[in-house]
Amino acid sequence: MGKFSRLGNELYTGRKSYDFVGRRPLWYAITGVIVLAAIAAILIRGLNFGIEFTGGNEFRVPVSGGATQQVADDYGKVVAETGVAGAESPTVTTAGNAVLIQVEDMPQADVQAIKDALVKAAGVSPDDVSNSDIGASWGEAVAKRAALGVGVFLVLVLIFIALYFREWKMSVAAFVALAHDVVITVGVYALSGFQVTPAAVTGLLAILGFSLYDTVVVFDKVRENTHEMRKNRQTYAQAANLAVNQTLVRSINTGIVALIPIGAILWVSAAQLGASSLQDLALSQFVGMAVGVYSSVILAPRVLVQLKSNEDEVKLAERRAKARARAQVDRYASVPSFTEDMPVGRDPDGEEDEEIEIEVVTDDVESTPSSGRPTLTKPDSSATGRGRTVPPARGPVSRSASSGRNQPSRQSKSKRGK
C-alpha cells in the first residue's frame with residue numbers, strides 16, 4: 001500500500017506521468033474497436049427484452065423451504081418439455097419462497113397445459129400455481145418513461161456542466177463519454193443474452209450519474225491546471241494530461257470500491273439465486289461503472305483537448321512550448337567556436353570585425369601620438385591595488401578627511417565650468 005501511495009504522490013506532483021492525452025491514435029483506435037464491437041453485437045444478436053416489454057405469461061410456483069437455483073432449473077426443464085410453442089426457452093427466476101417462470105404470449109389452452117405440468121412437478125394444488133398475463137403496453141410505457149428520463153437527465157447535465165465550467169466544450173466531451181458508456185453497456189447485454197428488464201433500465205440510469213461524477217472531477221482538475229497556462233509554461237494538452245494523472249489514483253480507488261459490492265451482487269444473483277431482477281440491475285451497473293472509469297480517464301479528456309486545439313490561446317501556448325523545446329535541445333548551439341590560430345579581429349566565418357578604439361584618459365596623459373591611435377597610459381598610482389582606474393577629475397581635487405583619499409571638492413554653481 002505504501003508503494004501505491006508513493007505512486008499517487010509522484011503522479012500528482014508530475015514526477016511520474018502516463019501519457020493518456022498525447023497518444024491520440026492509440027486511444028481512439030481502442031475506443032473505436034470496443035464501440036464498433038458493441039454496435040455489431042446489438043445489430044447482429046439483438047437484445048433479449050423481457051416480457052415487461054414484449055408481453056407474455058408468468059407463472060408463480062411456491063417452493064417449501066426456499067427457492068434455489070437447482071429448483072429453478074428443474075422447473076425450467078419441466079416447462080420446456082411440455083412442447084408448447086413459445087415455451088422452449090422459459091425465463092426462470094427466484095423470488096423468496098417461489099419460482100417465477102416467464103414465457104411468451106400464447107393461447108389459453110397452452111397456458112393451461114404448462115400450469116398442469118407445474119402443478120404435477122411441484123406436488124401442489126392447482127390453486128397454488130398462479131398465472132398472470134402481462135401486456136406489452138405496460139412495457140412500452142416503461143420504455144417511453146425511461147427514454148424521457150434519460151433525455152431530461154442529459155439536457156440538465158449538459159446545462160449544468162456548461163454553467164459550472166463556463167465551457168460548452170466540456171459539456172460535449174462529457175456527452176461523448178456518456179454515450180460511449182451506454183453503447184458498450186447495451187452491447188454487453190446483447191452479447192450475454194441477459195434480459196432487458198425495468199431493473200436493467202434502472203441500472204443504466206444509475207451508471208450515467210456515476211460516470212458523469214468521475215468526469216466532472218477530472219474536468220475540474222483540468223480547469224485548475226489550465227487557469228493560467230502562461231505562468232505554468234505548459235500546453236493545454238500537457239496540463240490536461242497532468243490533471244488525469246493527478247486524479248488517476250482517485251478514479252481507480254473509487255471504481256474498485258464501487259465494483260466490489262456490485263460484483264458480489266452479480267455473482268450471488270447469477271450463481272446462487274438464479275436469474276433475477278438483481279442480476280439485471282447488477283450487470284448494467286458493473287459494466288457501466290467499469291466503462292465509466294475508462295471513459296473519464298481516457299476518452300473525455302482526449303475529446304476535450306481535441307475540441308480546444310483550435311483556440312488562439314491554446315495555439316499560442318503550443319508555440320511557446322515548441323520554442324522552449326528547441327532551445328533546450330542544445331543551449332550552446334548558438335555560441336561560435338574559435339580556434340587557437342585564429343587571428344584577432346576575425347570571427348569564425350572569416351570576416352573581420354570592426355576595430356573598436358578605446359581612449360583611456362588619465363590625469364597625467366592628455367595627448368595622442370601622431371599615428372592617431374590611442375595610447376594606454378599608466379593609471380593613477382592612487383588606484384593601484386583597488387581594482388579600478390581613477391577617471392579624470394573635472395574640478396579641483398583635495399584630500400578628504402572622511403574617506404582618507406583625494407576627492408573632488410564641491411564648487412558653487414557660479415564657478416562651475418570656469
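Name the single residue, out of those in region 7-28 being part of a helix (DSSP H, G or I) and at pLDDT 80 or above, that is surrounded by the most Cβ atoms within 10 Å (Cβ to Cβ). Result: TRP27. Screening the candidates SER211, SER171 for the property of being assigned by TED's automatic domain parsing to the domain that holds LEU259 and under 15 Å from VAL293 (Cα atoms) yields one hit, SER211. Please identify the pairs in which a residue from region 196-215 that is over 16 Å from VAL142 (Cβ atoms) has its Cβ atom under 7 Å from the Cβ atom of a residue that is modelled with pLDDT of 80 or more and charged (D, E, K, R), counting only partners at least 6 apart or on another chain. Pairs found: ILE207/ASP181; SER211/ASP181.
The strands (runs of 3 or more DSSP E) found entirely in region 57-164 that carry 1 or more residues being touching a Lys or Arg at 6+ places or on another chain (Cβ under 6 Å), loosely packed, with under 15 Cβ neighbours inside 10 Å and modelled with pLDDT of 80 or more are 130-134.
Quick grid of which residues meet (1) more than 30 Å from ALA321 (Cα to Cα); (2) within 22 Å of the chain's Cα centre (by Cα):
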{"residue": "GLU140", "(1), (2)": "yes, no"}
{"residue": "GLY151", "(1), (2)": "yes, no"}
{"residue": "ALA174", "(1), (2)": "no, yes"}
{"residue": "VAL182", "(1), (2)": "yes, yes"}
{"residue": "GLN195", "(1), (2)": "yes, no"}
{"residue": "HIS227", "(1), (2)": "no, yes"}
{"residue": "THR235", "(1), (2)": "no, yes"}
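Checked against the criterion of being surrounded by 16 or more Cβ atoms within 10 Å (Cβ to Cβ) and assigned to a strand (DSSP E or B), region 190-197 has at least one qualifying residue.
Being surrounded by 15 or more Cβ atoms within 10 Å (Cβ to Cβ), touching a His at 6+ places or on another chain (Cβ under 8 Å) and either of a type in the set (S, T, N, Q) or at pLDDT below 75 (or both) is a property that holds for THR31.
Show the residue pairs that are 6+ apart or on different chains and have beta-carbon atoms under 7 Å apart, the first residue being within region 227-244 and over 17 Å from ASP312 (Cβ atoms) and assigned by TED's automatic domain parsing to the domain that holds VAL303, the second being charged (D, E, K, R) and modelled with pLDDT of 75 or more. From region 227-244, the pairs are ASN241/ASP19; ALA243/LYS221. With ALA275, ALA270, ALA300, ALA264 as the choices, which residue is in contact with a helix residue (DSSP H, G or I) (Cβ under 9 Å, 6 or more places away or on another chain) and at pLDDT 85 or above? That would be ALA300, the only listed residue that is in contact with a helix residue (DSSP H, G or I) (Cβ under 9 Å, 6 or more places away or on another chain) and at pLDDT 85 or above.
The values are calculated or read from the model by the stated rules, or taken from the named source; none is laboratory data. Here the structure is a predicted model, which means the values were calculated and not measured. Using ideal geometry, Cβ is built from the backbone for each residue, glycine included, and neighbour counts are taken over all protein chains shown.
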